[in-house]
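Asks: What follows is a single structure, and I will ask about it in a moment.
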Amino acid sequence: RRATSAHHARPELDQSSRARAMGGNASKQLVDENPLVTRCKFDDPTEVVVLPKAKIEKFDLKTALGMRVTVEPGWEWARDVGEAQGKKYCPVRHVGIVEQGQINVTMKDGAKMRYAAGDVYLIEPGHNAKNKQGVNFVGYEFVSKINTDAAGGGSTYAAEVASSEAEVKQLDKASFAAPSVSKTMPNGEACVCMLGNNQAKSMRATLQPGWTWKTGARTLLPPEKQTLEACPARHVGYITKGKFAMIDAKTGKTTIVAPGMCYVCEPGHDAEVVGDETVEFIEFETVL
């Protein structure tokens with residue numbers, strides 16, 4: 001059964017709200033009209049797919065797809081989804097992060113892995129999955145419909161990170177508690193997790209008040225790119241803390257993302273932390 005809802009409306013900030021968002025600086029107003037950004041609210045999915053003991057909320061980000069996957073205790077893909085399709089194994093690739101609960105995954109060849117809250121995960125096609133716990137499993141997943149040569153944030157700002165795996169992996173997981181690499185910058189830090197043999201990446205950025213792209217992330221670029229006026233990376237992910245302004249470097253048009261939103265931000269933007277709260281976001285590169 002499928003239920004669809006209209007794409008969210010983008011709320012406009014009034015003059016006083018814009019000023020408050022920038023810490024009271026009325027001379028720097030924010031307008032939610034940056035054409036480089038597509039954002040969706042998690043409480044207003046583009047489409048909801050309801051399955052036995054499971055729900056998939058989809059968020060159409062134009063050049064990417066965001067999903068929130070919820071499965072109930074006792075759910076099993078082969079029985080609750082695959083049986084109706086005449087399939088024993090899920091044919092879909094998954095790249096995401098566990099928000100809540102656990103999921104047990106088994107590949108056709110018998111390889112197994114359990115994913116728990118906080119795990120960044122890679123699951124290639126040809127698997128069965130079960131929720132053996134007494135609570136719902138909730139995961140956020142992203143699929144990039146890559147139609148651009150622009151690299152994601154993890155590849156752009158930690159270009160030297162490469163997989164140590166010799167072969168493609170069918171199952172893998174990582175944690176921001178032990179990332180592949182951590183990068184510090186003025187007023188911020190970025191942790192990058194590599195999944196499989198260069199099969200996917202995830203980045204968590206933590207940015208303090210006062211952070212801007214030009215004074216922060218730009219310092220991580222190679223010397224020959226230190227004079228760039230706009231970020232060359234493409235960003236796909238969701239925000240967990242604070243408010244973040246994504247600014248069209250050419251026009252100054254701005255969109256703010258906040259907790260409860262997922263987004264795509266195309267290259268050519270500037271960015272800054274809004275207000276006095278720390279910003280945290282998690283991003284994914286599902287095809288490298």
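Asks: Relative to the present Cα-Cα distance, how much length would full extension add between Gln208 and Asp60 at 0.36 nm per residue of separation?
Replies: 50.3 nm
Asks: Accessible area of Thr156, 1.4 Å probe, to the nearest 10 Å²?
Replies: Accessible area of Thr156: about 30 Å².
Asks: Continuing with this model, one more query. Please list the non-local residues whose amide H lies under 5 Å from the amide H of Lys253, H modeled 1.01 Å from N, same-chain partners needing a gap of 5 or more.
Replies: Close amide H contacts, sequence-distant or interchain: Asp248.
Asks: Run the reach check for Lys130 against lysines, Cα to Cα strictly under 30 Å, same-chain hits fewer than 8 apart removed. What comes back?
Replies: Lys41, Lys53, Lys55, Lys58, Lys87, Lys88, Lys108, Lys112, Lys145, Lys169, Lys173, Lys201
Asks: Distance from the Cα centre of region 184-233 to that of region 62-110, in angstrom?
Replies: The two parts, judged by their Cα centres, are 31 Å apart.
Asks: Once you keep just the Cα pairs under 8 angstrom separated by 6 or more residues, what percentage relative contact order results for region 230-279?
Replies: Contact order relative to length: 49 percent.
Asks: Convert each backbone phi in region 200-215 into a coupling constant with the Karplus relation 6.51 cos²θ - 1.76 cosθ + 1.60 (shift: θ = phi - 60°), then list the ³J(HN,Hα) values in order as whole Hz, x for Gly and Pro.
Replies: For region 200-215, the Karplus curve yields 6, 9, 9, 10, 10, 10, 10, 10, 8, x, x, 5, 9, 4, 5, 8 Hz.
Asks: Do any GluC sites (Glu not before Pro) in region 165-255 lie in a loop, going by DSSP, with at most 16 other beta-carbon atoms within 10 Å of their beta carbon, and if so which?
Replies: Sites meeting the loop and neighbour criteria: Glu165, Glu167, Glu229.
Asks: Excluding ligands, DNA and RNA, what is the solvent-accessible area per residue of region 228-288 at a probe of 1.4 Å, expressed in Å²?
Replies: Working: 2030 Å² over 61 residues.
On a per-residue basis, region 228-288 sits at 33 Å².
Asks: Let me ask another. Which residues' amide hydrogens lie under 5 Å from the amide hydrogen of Gly268, considering only partners 5 or more residues apart or on another chain, with H built in the peptide plane?
Replies: Close amide H contacts, sequence-distant or interchain: Cys231, Ala233.
The values are calculated or read from the model by the stated rules, or taken from the named source; none is laboratory data. On a predicted model such as this, the values are computed, not experimentally measured, just so you know. No Cβ is skipped: glycine too gets one built from the backbone with ideal geometry, and neighbour counts run over all protein chains shown. Calculation scope for accessible area: heavy atoms of the full protein, side chains included, ligands and nucleic acids excluded. Shrake-Rupley method; radii C 1.70, N 1.55, O 1.52, S 1.80 Å.
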